[in-house]
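K.L.:
One structure, pasted below without further comment.
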Amino acid sequence: MTWHMDGGLATRYADGDLDATLAASVEAHLLACAQCRGLLAPQVPRARLDRVWDEIAEAVDSPVPGPFERLLRLVGVRDHTARLLAAASSLHLSWISAGALVLLFAVLAARETTRWGLVGFLALAPIVPVAGVGLAYGRGVDPAYEIGLAAPYSAFKVMLMRAAAVLVTSALPAFVIGFALLGQNWTVAAWLLPALALTSLSLVLSRWFEPAHCALAVSILWLAGIAGTNLREPSLAMFSTVGQLGYLTITVVSGVLLVARRKEFS
C-alpha cells in the first residue's frame with residue numbers, strides 16, 4: 001500500500017467535506033491502515049466520538065421489544081409503561097401460548113367426555129389467569145422487580161396493571177376456544193366470575209404473602225370445592241346462580257379492600 005492520507009485530507013474527511021466517492025475510498029483505506037487511522041483520530045472532536053459511541057451502545061444494548069410490548073405501544077401505551085408491563089413472565093408469548101394449549105386440551109376433553117369434560121374445563125379455566133397473575137409481580141418471580149421499585153409507579157399500580165393485562169390475555173383465548181368448540185351457551189362463560197373472584201382474592205392476600213403463594217392457595221381451595229361437589233357425579237353446582245352471585249360478591253368486596261388498603265402494598 002503506497003498511498004496514504006495527508007493532514008489536509010484527514011481534516012476534510014473529519015469535517016465531512018469530501019464527496020461520496022472519495023469518502024468511501026478513504027473509509028476503505030482506513031480499515032486496513034493503522035497509520036492513517038492514527039492521523040485521523042486527532043482531527044475528530046472527542047465530544048463527537050463520545051456521542052457516536054453512546055448512540056451505538058444504546059442501539060446495541062437496548063433489548064428488542066417482544067410481541068406483547070409492541071402491541072401495547074401500537075394501542076398507545078407509553079414506551080416505559082409497556083416495557084414495565086411486558087417484563088412479567090406471564091405476559092410473554094410462551095406463557096400465553098402454554099395457557100391457551102392447556103385450555104384447548106381441556107375443551108377437547110369436554111367434547112369427548114360430555115358432562116365430566118365440561119366440569120373439567122370450567123374448573124381449569126379460572127386457574128389459568130390466577131396462576132398468571134401470581135407470576136406477574138413480586139420478589140423472586142418478576143425479572144424487573146428492583147426496576148419496578150425504582151420506577152415512578154406505586155407497587156399497587158404495577159400490580160393492578162399487570163393483573164389486568166394477564167386477565168385479558170388469559171380470558172381471550174379461553175373465550176375463543178370455548179365458544180368455538182363447545183357452543184354458544186352460558187355454561188361456556190361460567191368460569192369468568194370465578195376467575196375474577198379468585199384473582200381479586202389472591203391480590204388481596206398478597207398484601208401479607210408472596211403473590212405466587214396466594215395464587216397457589218386460592219387455586220387449591222377452588223379445586224377442593226370442585227372435587228367436593230363432584231364426588232359422585234358431575235355437577236355444575238359451583239357454577240349455579242347462587243355461586244355466581246357469591247363470586248361477584250367476592251370480587252366486589254376484594255376490589256373495595258384493594259382500593260382501601262392500596263397504600264399498604266407500596
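K.L.:
Could you work out how far apart the two model spin labels at A32 and R48 are, taking each label as a point 7 Å from the Cα in the direction of the beta carbon, and quote it in nm?
P.N.:
According to this spin-label approximation, the distance is 2.6 nm.
K.L.:
Per residue, how much accessible area does segment 1-50 show when a 1.4 Å probe rolls over the protein heavy atoms, in square angstrom?
P.N.:
Working: 3320 Å² over 50 residues.
Per residue, segment 1-50 has an accessible area of 66 Å².
K.L.:
Using mean Cβ contacts within 10 Å as the protection proxy, how do 26-38, 217-229, 163-175 order, highest first? The partial results should precede the final answer.
P.N.:
Values: 26-38: 13.0, 217-229: 15.3, 163-175: 20.0.
The peptides rank, most packed first, as 163-175, 217-229, 26-38.
K.L.:
With a 10 Å radius around each residue's Cβ, average the other Cβ atoms per peptide and rank 240-252, 194-206, highest first. List each step's numbers first, then the result.
P.N.:
Working: 240-252: 14.5, 194-206: 23.7.
Descending packing order for the listed peptides: 194-206, 240-252.
K.L.:
Give me the net charge of D6's neighbourhood, meaning all other residues with Cβ under 15 Å from the Cβ of D6; Lys, Arg count +1, Asp, Glu -1.
P.N.:
Numbers: positive: R12, R37; negative: D15, D17.
Within the 15 Å Cβ shell, the charges total 0.
K.L.:
Taking 35 Å as R0, compute the FRET efficiency from the Cβ-Cβ separation of S97 and S25 and round it to 0.05.
P.N.:
0.10
K.L.:
Related question: Extending each Cα 7 Å along its Cβ direction at V252 and T2, get the distance between those two points in nm, one decimal.
P.N.:
9.5
The values are calculated or read from the model by the stated rules, or taken from the named source; none is laboratory data. All of these numbers come straight from a predicted model, not from anything done at the bench. Positions of Cβ are generated from backbone atoms using ideal geometry, with glycine treated the same way; all protein chains shown enter the neighbour counts. Calculation scope for accessible area: heavy atoms of the full protein, side chains included, ligands and nucleic acids excluded. Shrake-Rupley method; radii C 1.70, N 1.55, O 1.52, S 1.80 Å.
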